[in-house]
Each structure stands twice: as C-alpha cells, then as structure tokens.
Amino acid sequence: MSHMRVPADISRRRFLQYSGSMMLGGSLLAACAGTGGSGSGGGSSDLPALTQWYHQYGEPGTHDAVLKYAKQYDKAKVSVSWLPGTGNEYPDKVRSALLGSNPPDVFENSSLSLDQVKAGLLAPLDDIIADVKSDFKPASLAPFTVNGKVYGIKMINDPTFVYYRKSMFQQAGLDIPKTIDDLIAAAKKLTTSDRKGIYVGPDGGVNALYLIAGWASGGDYLSSDNKIAFNTDRMAAAYQKLHELSTSGGILPDAPTFWWDSSTFQQGQVAMQWCGLWAMPLIKKSAVGDDFGVFPFPALDAQSQPATINGGWAQMVSAKSKNLDAAKAYVKWLWVTNSTIQKDWNVGYGFHVPPRISTSAQTDKLTQGQAADAVDILNKYGHAVSPLWNAAMDTALQNAVSQIVKTGQNAKATLDAAAEKCNSELQKELS
C-alpha cells in the first residue's frame with residue numbers, strides 16, 4: 001500500500017524475511033531471483049524511443065507481460081527495465097535517475113514526492129486523463145495530485161480488509177462486526193484452546209492499521225487546508241481501541257509471517273486475519289476453500305464509517321523526457337484507454353483491482369463472490385494520504401501509535417506530541 005512502511009521495532013533480518021512476500025506499497029515483492037530485461041515496440045526504426053521502469057514484481061508472468069505490452073505498442077520503440085530491490089531501494093533508484101541527465105521517460109512508483117514536483121521533474125498528466133477523470137475514485141487520484149494537477153495514473157488498486165471463516169462465525173452465532181467493539185468481542189468469542197480470534201501482525205496491528213483505524217474514526221491526517229488533523233479525541237479513541245484489541249486475549253500475538261501473508265489464516269490458526277486482496281486466490285486454493293468472507297475495518301462507532309486503504313502503484317512521466325508527448329501517449333494507451341491490458345495486469349498474474357471503475361466492473365474475476373465484496377469495500381471505504389504526507393510524518397505517527405497500542409499510554413497526549421513533529425515536517429513541505 002502506498003505509505004505502508006516497516007514498523008521501527010521490526011529487525012532488519014525479520015523485515016527481509018517479510019519483504020520476500022510483500023512490497024511495502026501494496027503489491028507482491030519480487031522475492032524470486034530475476035534480472036532486468038527490455039522489450040521493444042514494433043514498427044519502423046524512426047519511431048520515438050522510450051525507456052520504461054518497473055520495480056520487480058513477485059507474481060510469475062509479470063515480467064513477460066510488461067515486455068509484451070511494450071512490444072504491442074506501435075507508436076514508439078519502448079525499452080523496459082525491470083529493477084529488483086526491497087524496501088526503499090527502487091524509489092531511491094528513481095529519485096537518483098530523475099535528478100540525473102538521463103531519467104526514464106516512463107516509470108512507476110507507489111507514492112508521489114512533493115520535492116520532485118517542486119523541482120519540475122514530473123510531467124503533469126491532466127491532458128491524458130481529462131476525458132475519464134470521473135472514472136477514477138478520488139482516493140486513486142489524491143495521492144498523485146498537487147495543486148490540482150495529476151502527476152500519476154494508477155495502474156493497480158490494493159485494498160486490505162479482514163478475512164473471516166464463515167463456518168466459525170455461524171457456530172459462534174456472530175454477525176459481521178459493525179464497530180471496533182464488535183470486532184474485539186468477536187475476537188474473544190472466536191478464541192479457543194487451539195486458535196485465536198484474529199491476527200493483525202506481530203506488532204498488534206500497528207503497521208496494518210495505523211492509518212486505517214484513524215479513518216474509521218471519521219478523521220484524517222491532513223485537513224483540506226493542509227493542517228495536521230490527527231490529534232483529536234476521536235482519533236485517540238480509535239488507537240486506544242487497538243490497544244484494547246491487543247490486550248483482549250483474542251489476538252494472535254505473533255506468527256512466522258507478517259500480516260500481508262495469509263498463511264496463518266490458511267492454516268486455521270485464527271478465525272480472522274487482516275490481509276489484502278492479493279491473498280484471495282491463495283486462500284481459495286488452501287484448506288479454507290470457499291469458507292471465508294471479507295469485511296472492512298469496522299467504524300469506531302455509529303458516528304463514522306468503516307475504512308480501508310486504496311494502495312497500489314501509479315505510472316508517471318519524467319518532465320525531462322526527450323519525447324515527452326510520446327511518453328504521455330504511451331501511458332495513456334496503457335492505463336487510460338486499454339482496458340484489455342488493465343484487466344490483464346490486475347488479475348492475470350496477481351489479484352488487484354483496475355483503478356478505472358468501468359474496467360473494474362468489466363473484470364469477470366472481480367464481479368462475483370468474495371472478490372466482488374472486496375471491490376465494494378474499496379469503492380465505498382477506500383482512503384489515501386495526501387502527497388504532502390511524507391516519510392518523516394509517517395514514521396512519527398506510526399511510532400506514536402506503537403506506543404499507544406503496546407503500552408497503553410495516554411493516546412491524546414501521544415498524538416499531540418507526534419502532531420508537533422509532523423507539523424514541523426509539513427511546514428518544510430509547504431515552504
């Protein structure tokens with residue numbers, strides 16, 4: 001998911017273990033070995049030449065797919081680079097390249113750097129999206145929009161939610177939790193001598209839920225007029241509820257895998273697990289079979305709504321491109337007009353949601369059963385952070401939530417202290 005980062009208290013060794021199964025940006029990270037490669041569009045040699053960068057996806061077939069797309073394009077000669085790396089390695093490579101004299105014409109990233117916009121390194125893409133802008137949910141555009149200009153076209157959307165065992169809910173006489181109190185009660189009721197109620201990661205759900213719990217209280221992190229907005233009584237109450245969940249006895253405190261790996265749920269160690277859409281095909285193939293449903297993180301109370309994150313990746317264009325118009329035309333062909341490729345990229349290898357609403361509605365694998373429920377959760381409750389929300393702010397918030405969840409210290413006071421740090425960072429971004 002965008003802006004989903006490693007908790008500060010997870011060791012490097014453990015992170016490397018986890019990062020083999022999930023990229024901190026919403027899609028599966030390449031744990032498997034792989035090398036760079038290139039594919040060239042067809043047509044005559046006098047076509048404009050474009051370079052395109054992807055981070056190395058872990059799903060088998062993705063590398064061949066991007067080479068195939070490039071070859072199918074007949075209005076430019078496209079060379080694809082497939083760049084391995086974990087954590088911030090790929091974004092760091094992009095950052096360096098954009099500052100250099102020979103940046104990629106087209107590249108993907110999971111978040112937008114405001115500094116890159118200020119420095120004029122990214123090309124606005126409003127002209128290629130204008131006719132269909134309303135076919136993208138606001139949460140798909142917001143993280144890549146600065147001062148009303150769009151700098152990234154989403155390629156995949158990755159929602160997260162609670163997976164639950166339907167049979168276990170039926171046996172316990174439980175309904176889908178509508179509030180976080182309902183979730184805590186369900187986790188306790190579903191706990192037996194040989195299983196726990198829920199798994200949300202080894203850190204009590206901090207990494208999985210530090211943004212989502214706040215949204216589910218009805219709050220946000222930056223206000224519409226760009227002020228720090230998370231240090232409120234309701235946001236504090238939401239994080240206090242995460243502490244209650246972590247000390248309820250209904251939560252699995254640790255597992256060999258992190259929250260984005262569904263193995264714990266597949267093996268029946270828990271009745272519920274926080275995970276993402278990408279895990280659904282694996283769960284269906286496991287012993288769980290079709291005995292599961294999904295629901296969003298519940299609302300704090302009747303005054304707010306459930307929430308999820310609208311994570312994923314977007315394609316961008318370097319403002320220094322020597323073939324700027326050709327680069328923008330290629331991005332438009334791929335991610336705005338070509339629904340066949342959008343469907344193939346999202347459900348042909350892994351399991352994601354095409355960001356164009358109309359394309360998602362026409363993607364057969366997403367139109368029924370639990371997958372349709374997941375798309376509905378994304379469309380109704382998907383959120384994203386502002387591009388002004390940077391890594392330092394994210395770390396300050398996540399550390400504060402960790403203190404609240406693990407020690408139960410005063411939530412409002414802890415958020416107030418984090419808000420001061422975040423405000424200092426925000427003023428730098430706004431300057």
>> Students often check this: by mean Cβ neighbours within 10 Å, which of 110-117, 424-431 ranks highest, and how do the rest follow?
In response: 110-117, 424-431
>> Rounded, prolate or oblate for the range 65-215? Axes are the square roots of the Cα gyration tensor eigenvalues, ordered a ≥ b ≥ c, and the cut-off for rounded is a/c under 1.5.
In response: prolate
> At 222 nm, what helix-only mean residue ellipticity would the chain give, in deg cm²/dmol to the nearest 500, using -39500 (n - 2.57) for each DSSP H run of four or more?
Replying inline: -10500 deg cm²/dmol
> Which percent of Cα-Cα pairs in the range 169-274 sits in each 5 Å bin, short to long?
Replying inline: 2, 13, 22, 22, 17, 12, 7, 4, 2, 0, 0
> Based on the Kirkwood radius over alpha-carbon pairs, what is the Stokes-Einstein translational diffusion coefficient of the range 263-394 at 25 °C with 0.890 mPa s viscosity, in µm²/s?
Replying inline: 142 µm²/s
> So, with a 1.4 angstrom probe, what is the percent of accessible area on the chain that is carbon and sulfur?
Replying inline: 49 percent
> So how long is each side of the range 54-104 along the principal axes, counting just the alpha-carbon atoms, biggest first, in Å?
Replying inline: 29, 29, 8
> What does the charge add up to near T337, with Lys and Arg as +1, Asp and Glu as -1, over the other residues with Cβ less than 15 Å from its Cβ?
Replying inline: +2
> Which number do you get for Rg(Cα) / (2.2 N^0.38 Å) in the range 51-141?
Replying inline: 1.19
> Given the chain reduced to its alpha-carbon atoms as identical point scatterers, what log10 I(q)/I(0) does the Debye formula return at q = 0.06, 0.08, 0.13 Å⁻¹?
Replying inline: -0.24, -0.43, -1.14
> Which FRET efficiency, nearest 0.05, do S134 and Q267 yield, Cβ-Cβ r, R0 45 Å?
Replying inline: 0.55
> Where the convex hull is taken over the Cα atoms of the range 123-167, what is its projected area averaged over directions, in nm²?
Replying inline: 4.4 nm²
>> How large is log10 of I(q)/I(0) for the range 317-365 at q = 0.19, 0.23, 0.31, 0.32 Å⁻¹ when the intensity is taken from the Debye formula with one equal scatterer per alpha-carbon?
In response: -0.63, -0.77, -1.07, -1.12
> Roughly what angle does helix 391-407 make with the longest principal axis of the chain, taking Cα atoms, 0 to 90 degrees, to the nearest 10?
Replying inline: 10 degrees
> Taking Cα atoms, how many degrees apart are the long axis of helix 233-246 and the longest axis of the chain, rounded to 10 and kept between 0 and 90?
Replying inline: 70 degrees
> What is the percent of Cα-Cα separations in the range 127-224 that go past 22 Å?
Replying inline: 51 percent
> Between the range 148-183 and the range 325-351, what is the C-alpha centre distance in whole Å?
Replying inline: 27 Å
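The values are calculated or read from the model by the stated rules, or taken from the named source; none is laboratory data. Only a predicted model underlies this, so the values are computations on that prediction, with no experimental measurement involved. Virtual Cβ from ideal backbone geometry, glycine too; neighbours counted across all protein chains shown. For accessibility, only protein heavy atoms count, side chains too; no ligands or nucleic acids. Shrake-Rupley method; radii C 1.70, N 1.55, O 1.52, S 1.80 Å.
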